[in-house]
Structure formats: structure tokens, C-alpha cells
1. What accessible area, in Å² to the nearest ten, does a 1.4 Å probe give for Ile148?
2. At q = 0.14, 0.20, 0.29 Å⁻¹, work out log10 I(q)/I(0) for the range 451-509 with the Debye formula, treating every Cα as an identical point scatterer and leaving solvent out; two decimals please.
3. On full extension of the chain, what length is gained from Ile12 through Ala100, given 0.36 nm per residue of separation minus the C-alpha to C-alpha distance?
4. The range 256-350: D in µm²/s via Stokes-Einstein (Kirkwood Rh, Cα pairs, 20 °C, 1.002 mPa s)?
5. Ordering His410, His381 from largest to smallest accessible area (1.4 angstrom probe), what's the sequence?
6. Using each residue's phi in the range 318-325, evaluate 6.51 cos²θ - 1.76 cosθ + 1.60 at θ = phi - 60° and report the 3J(HN,Hα) Karplus result to the nearest Hz, with x for Gly and Pro.
7. So, how do all the Cα-to-Cα distances of the range 283-399 break down into 10 Å bins, in percent, from 0 on up?
8. Using packing as a proxy for protection, rank 539-550, 341-352 so that the peptide with the highest average count of other Cβ atoms within 10 Å comes first.
Amino acid sequence: MSQIALAADFAIIIVVATVIGILVRQLGQPTIIAYIAAGVILGPVAFDIVTDEGLVYLMSELGLGFLLFLLGMKMRFSDIKEILRPVTNVAVGQTVLQTALAFLVALALGFGTMEVLVISLATVFGATPIIVKVLSDKDEITTLPGKIDVGVLIVQDIYLVVVLAMFSADSLDNVGEILQTLAIVFAMMAFIGIFSIASSKYILPRLFRRIADNKDVFLIVAIAWAFLFIAAAGSQFDGGIEIGAFLAGLSLAQLPYSKELEDRITPITDFFILVFFASIGLQIEGGAASLFAYWQEAIVASIVLMVGNFWIMFYLIDREGFGVEPTFLASINMVQVSEFSLIVGALALQQGYIGPEILGYLTLMALLTMTVSTYIVANNHAIYGRVEPWFRRFESADDRDAEIETYSDHAIAIGRDDITERILPLLAERYDDVVLIDRRAGHVEDDADEPYDYIFGDFRHSEIRTEANLSEASFVLSSSVEREVNEALLEEVADDAVVFVEAERIDDARALYDRDATYVVMSTHLTAEMLAEYLERYLEDRSAFDETVNDDLERLRRRSHEPADEMIGDGGETDG
């Protein structure tokens, strides 16, 4: 295929996916559904416009690699350290029981042995991007149900990597070969994993401390790090690309720079994810007959699995004693068959383990359950309100009081400058938690012993605001003079929060006051007034001026803990 035709295919995929994406977003649906639908429309199922297999294969590999890299970057073990043990119990039990349920459902629907195996292994995963996105939008990612779901998703992601490695084997008929493949995979994962952990402690902090202030180099080094792992793992065995990308992201996730990096790499990842999920639709050969070959089975399986997954999760979480409400919310958030089932299905199709009809079956299930579950997660509290009286019968006096460490009624300072330097000690005396958000890498280690927490990153990025729990803050000080940034800040904070912001122009200050800013700091305006006052004092009363300057120097000396070189007035008057 010519380069022009290849570029045309790219353009068609992106334009169609974008148009459908706009439509599905209006319905409150995730854009992944639009990407899959674009592939179905452009592929053999509908119009058969994009057919280049080389493009499909290349983009599938890159898309899957970037998806797993981003997935690894979301796995911050510190996020679930308070509830690590019970969440691990839930995740392991959920993986076993939901695999068994999916196996029985597929078997009851009459699929063949290999098809049942693929389906049961593919339909266990929760939709990580969808769950994380919807919960983040609702400010529930840091709640107890959100933490439980994130912990389960972390274990599922590790399970996904193992399943992908298993399906990369030449044959699933030979048990010995499967065990050998898994042994190699675990050995490689252990080796690369140890290296990634060691590098996250000894190599990456020094490297990123040097480059984090340079936004372009910061991003390039992170991508290069991903490809280093991809090359190392991919050269050893099939499926190594996915494992290498995942472990590369995992090592970067433990750095204090990871939130900022995640925001920067997401747009690149979104592009490859678009093409990747569109490519899944392109791989369904045989037209609409393949997609809808098992449409009735897909509907039945979707209903059974959604209901069954909810009760499996509810039983396992309730057994750990988390309380009825968080148990219900965490369970209902995880009922869908995720997009990862399509990843497993696409790989199984490439290896010849299943036909296009089974991929079509998995695609329908993913589309159905993700569409329904998006509305369920968005309205989880309303649903619980209706069924709460019935579910209260599961309440026990022994339910654990699982407190999740998160910021609440705290103070946030955005940007580190002379103003925030003076204010931070006062905030530390007044508030239990003080968070400083700044994008200068040198402060990561410098502030380790300070009485406030430091978050590296750009406040304009949603991940940073979520990490600081902006919506729950009692006091916010912004040293940014960008009007749009401060207006967005005032839009997101609680109505009763005290908010100090900065402005350079009077019109900006008025606009910020109109948006209920508590106080607008006008540095340039205040400086101009003070300069005029100093000049008037100099011209009218030289001794009073010298005394004022001496007072300023004394304040500077106290701040820097260094003696002033020479006080004005000690050796004579200043020259005028």
C-alpha cells in the first residue's frame, strides 16, 4: 500500500472516531466506545474502507504498548497502602470466582473448549480507564470505594499481563509448553520488575530531578524509558512488548513526578488508543455476520455477568468488613466487561485460537456492559439510596472503620514564590495538612522535612488537582496571575473555602472578586503604591527614608539568616 493510501487510512480512522466520539460524549459515554464503533464501521463488518493489515498490526502493537504503559503509571502502591491486605484478598478472590462464572456461562451457551477458555479469561477485567475517569470526575477516586476499586484493578492489570503472555504461546494444547511459557514470563517479569523497582529508587529520582524542569526533555525521557523496557522484554519472548511497557510505567509510577508525567503522556497515549481500539473493529472479518453471530448469547452473558460480578464483589468486600455502603458502591462500579477483553480476544484471534465470530461476541459484550455501567457508576449513590433499606440487613457490628488517608479541610498553596514562602509557616500552624503544588523539581527533595506535603506538577492538570483534593480544601492560595487558572480554581473549590489569588490587572481582579474570591493580591498595583510612597518619603524626609530602608534590610537579614553588609545611614547619607 502506498504512503498516500496509508495516510488516508489514518485520516479516515481519526476523523470518523472523532465524529462518533463527539456524539457518544453527548450521551455521557466513554470515547472508547466510539473508537470501537469507528473500527466496526470502517472495517469488514460495514463499509470495508480500511483494510491494510500492516497498519492494523503496527497500530495494535503500539496502541497496546502505550495503553499498558499508562496503566502501569496509574499503579501507585501508596494509593492503597492503608487497605492493601484486604484489597488483595478481594482481588484474588474476584479473579478466581469471576473466571469460574465466565467459564460456566460460556460453557452453558454452547461454545467450544478453546472458545470457553478464551472467553472466561478475557471477561474478568474491570474497565480501568472508564472506572478511573468517571470516579475522578465525581471526586470519588480517593474515597474508600474508589480505593477498593483501584486496588482490585491493580491486581487485575497484573493478571492481564500474565494472560497476554500465556496467549502469546505457540499453542495452548500443550500444557508443558504453557507452563514453560509462563515460567519464562514470570522469570522475566521478576527480573525486569526488580530492575524497575531498583531504578525507581536509585536511578530515576536523580535522572528526573535533573530534567523535570524541562518539559520537553521530561516527556521524551519518559517515552524513551518505556521503549527501553519494550525492547528488553520484546527481544526475549512474544508478548514482551506489553510486559515491558507495563513494567516501565510501573517503575515511573512510584516517582513524585508521576502525576505530572501521566498528564503529559496521556494525549499521546489517547491517539494510539484511538487507533488500537479502532483496529479491533477492523479485525472482525466476515462482515456483520461475524459481529452479530452470537448477539443473543452476548445479551444473555452480559446480563448474567453484570449481576454475577456485582454479587461476587459484594460478597468478597463485605467479608473483609468494609461496611455496607462502601461495599455496595465499590461492587456496582465494577460490573462491566471491560475493553481489556478485546485486547485478549484480538491476541487470541491473531494466534488462531478463536475465529472472528468470538471476537465479535466479546466486542458486543464490551459495548453493552460498558454503555450500561457508565450510567450505573455515574448514578451509584442514587441507586444505593433506593436499595439501602434492603442492603442494610448485611450490616454488621464488626464492620471495620477503614479510614483512608486523604486531604480534607486542608490548605493548598499553588506555586512557590516570596508570597507563599512567607505564608506556608502560618498555614502549617493553622491547618493539619498543608499541600504545596509547584513544578520545580528541586523542591521534591528540599521539602522532604518541611511541615507540608509537596506535589510536583502543573496545577492546570486534573490529576494534580485530584491528588491535592482541591474540592475539599478550606484555604487556597494561588500565586498564579493567569486569570483563566484562577477562575477555574474558584469554580472547583467549595463554596465556603477561603481563596486568595493574584492578579496583574484591575479588570482581572474585579472579575475574580465577582467569582467570590476572598482576596485578590495585586502585586504590581501594591508595588506601584509602595514605590510612590517611598519616593515621596525620600524627597520630603531623607532620614525617614533611610530608616525605612534599614528596616527592609533587617527583614531581609532575618529571612536569609545572613548579616546585612552595611546599613544605609551608618556611613553617611545616600546620594540623591
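The values are calculated or read from the model by the stated rules, or taken from the named source; none is laboratory data. Predicted, not measured: the structure shown is a model, and the values here were computed from it. For neighbour counting, all protein chains shown are included, and Cβ atoms are generated from backbone atoms with ideal geometry for every residue, glycine included. Protein only, heavy atoms only, side chains kept; ligands, DNA and RNA dropped before computing areas. Shrake-Rupley method; radii C 1.70, N 1.55, O 1.52, S 1.80 Å.
1. Counting only protein heavy atoms, Ile148 exposes about 0 Å² to solvent.
2. After summing over all Cα pairs, the log10 values are -0.39, -0.78, -1.39.
3. Details: separation 88, 0.36 × 88 = 31.68 nm, distance 4.06 nm.
Value of the extension gain: 27.6 nm.
4. Translational diffusion coefficient: 129 µm²/s.
5. Numbers: His410 0, His381 85 Å².
Reading off the accessible areas and sorting them downward yields His381, His410.
6. Each residue of the range 318-325 in turn: 4, 5, 7, x, 8, x, 5, 5 Hz.
7. P(r) over the range 283-399, rounded to whole percents: 14, 36, 25, 16, 8, 1.
8. 341-352, 539-550
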